[in-house]
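Taking it in order: structure first as structure tokens, then the write-up.
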Amino acid sequence: MKVALDSVDRRRKEPLYQQLAEAIAGAIREGHYSPGERIPSEREFMRLGGLSYPTVAQAFREVVEAGWVRRKVGSGTFVVDPLPAPQTTERTIGVVYCKENDFFRPIFAGVDEELQEARYRATPFFEGRQEGGEDRVLRRFGENKVCGLVAVPSRVDAEHRELIRLVTQRFPVVLMDSYLPDIQCDAVTTDNEAAMEAMTDYLLGLGHRRMGFITEAVQYPYSTSVRERNAGVKRALRRAGIADADRWIVAYGPPDLSVPELREHVEQAVDTLFARAGDRKVTAIMCVTDDIARGVVQCLRRRGLHVPEHVSVTGFDNLAWSSRFRPSLTTVSQPLERIGRRAVRLLLDRLINPNQPPVRVVLDYRLVIRGSTAPPPPTK
């Protein structure tokens, strides 16, 4: 299925049929379906998306009326050939990200609300978290006549060729969550390094000394947010006199893993930490994201270890589910919605003042202390 069905979410305000229609149109715009190609049937969308017939039928009517597809009785539904000419969208902003998920949803909500207040429209472009996905989306980007772009840089495309091309051609671009260190570009991020330094200091204050950090395997220049979190952990450990700080940082990867692959990599990372500790038991594990922290907690349970009685675990992001998880997750709260809003304001400023120097906005974080952390167990 080439349509991003994970973007169709009952928690969003828009009706499901509108979300599905936009996902189908987006897949066509981004080149997942070629002119004249048959798209999946209504029954396939119902089965794979868990959607009702009225929802799928209305979505099909929407994309037919919008001129993206046409029906052939007895044959199916096909992308029109040629594709409709791009509409004039002088007040439309492109939003590029990997997929709809708990991390990006609040960012997009902030982007969308800020644009609506300024009487602009957001058009999402999914890069699919596949190698080459960001470049593919951005190559087709110019066909849609948007006047600016806000984007979460891909953690898969290390070179960002098309993104850098847009920036160097002075197209209005604002990056979110991460930035490109060698490229002068507007960006909005959280103070990742200070946040992980503070989290490490918090655990040190509880009495932990044998603690690890499970992070992503990233390479320069991409995913600055991850690299800064790594740096924050190292700085705090070294300041505490833990000389072998690098030994306690374990990277899993690559970043484009499926759920089963991610579980396997988390298991391997925990194995590595325990092996490095030897007889000195690990008493705390910090994680680069909440999703990884959830996987670590589940991994520890399978080993008969309790959180936080045996091992404390922390995350990063403060996703919507983290307070409901058991145990509730100690984490770093990023102002995700505010990142989206601030990025839009930067972009609108750029449209008005195209020659102003690039601006990097670094937003503050907040430690959220919950039930997944406690002092280390007493040594025997």
Query raised in the report: Is it the case that region 244-260 has a residue that's of a type outside the set (D, E, K, R), more than 30 Å from PRO358 (Cβ to Cβ), without any contact (Cβ under 8 Å) to a residue 12 or more places away in the chain and surrounded by 14 or more Cβ atoms within 10 Å (Cβ to Cβ)?
Result: yes
Query - Total residues in region 352-363, condition modelled with pLDDT under 95 and either out of contact with any strand residue (DSSP E or B) (no Cβ under 6 Å at 6 or more places or on another chain) or of a type in the set (Val, Ile, Thr) (or both) - result: 7
Report summary line: Here, strands (runs of 3 or more DSSP E) confined to region 295-375 with at least 2 residues that are surrounded by fewer than 17 Cβ atoms within 10 Å (Cβ to Cβ) are 360-363, 366-368
Query raised in the report: touching a Pro at 6+ places or on another chain (Cβ under 6 Å) and at pLDDT below 90 - does that describe any residue in region 69-80?
Result: no
Requested in this report: Tell me which of these TYR53 doesn't satisfy, since it passes every other one: (1) in contact with a helix residue (DSSP H, G or I) (Cβ under 8 Å, 6 or more places away or on another chain); (2) exposed (fewer than 15 other Cβ atoms within 10 Å of the Cβ); (3) within 24 Å of ALA109 (Cα to Cα).
Outcome: (3)
Requested in this report: Working carefully through the options ASP177, ASP186, find the one that is touching a Lys or Arg at 6+ places or on another chain (Cβ under 7 Å) and buried (at least 20 other Cβ atoms within 10 Å of the Cβ).
Outcome: ASP186
Query raised in the report: If you check every pair at least six apart or on different chains, which have Cβ atoms under 6 Å apart with a residue in region 56-67 that is touching a residue at least 12 places away in the same chain (Cβ under 8 Å) first and a residue that is of a type in the set (D, E, K, R) second?
Result: VAL56/GLU42
Report summary line: The condition of being of a type in the set (Asp, Glu) and within 19 Å of VAL137 (Cβ to Cβ) holds, among GLU14, GLU37, only for GLU37
Report summary line: Within region 21-37, residues being at pLDDT 85 or above and either in contact with a His (Cβ under 8 Å, 6 or more places away or on another chain) or closer than 11 Å to GLU62 by Cα (or both) number 3
Requested in this report: Select from region 209-223 the residues that are among the polar types (S, T, N, Q) and either buried (at least 22 other Cβ atoms within 10 Å of the Cβ) or not assigned by TED's automatic domain parsing to the domain that holds VAL270 (or both) and list them in ascending order.
Outcome: THR215, SER223
Query raised in the report: Do we have any residue at all in region 30-43 that's at positive phi and in contact with a strand residue (DSSP E or B) (Cβ under 7 Å, 6 or more places away or on another chain)?
Result: yes
Report task. Kindly check whether there is at least one residue in region 255-265 that is within 16 Å of the chain's Cα centre (by Cα), outside any strand (DSSP E or B), farther than 30 Å from ILE164 by Cα and β-branched (Val, Ile, Thr). Result -> yes
Report summary line: Of the residues in region 1-30, those that are crowded, with 19+ Cβ neighbours inside 10 Å and charged (D, E, K, R) number 3
Requested in this report: Could you pull out every one of the helices (runs of 4 or more DSSP H) wholly within region 99-211 that has 2 or more residues that are at pLDDT 95 or above and within 18 Å of ASN318 (Cα to Cα)?
Outcome: 192-206
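The values are calculated or read from the model by the stated rules, or taken from the named source; none is laboratory data. Nothing here was measured: the structure is a model prediction, and the numbers come from that model. Every residue, glycine as well, gets a Cβ built from its backbone with ideal geometry; the counts of neighbours run over all protein chains shown.
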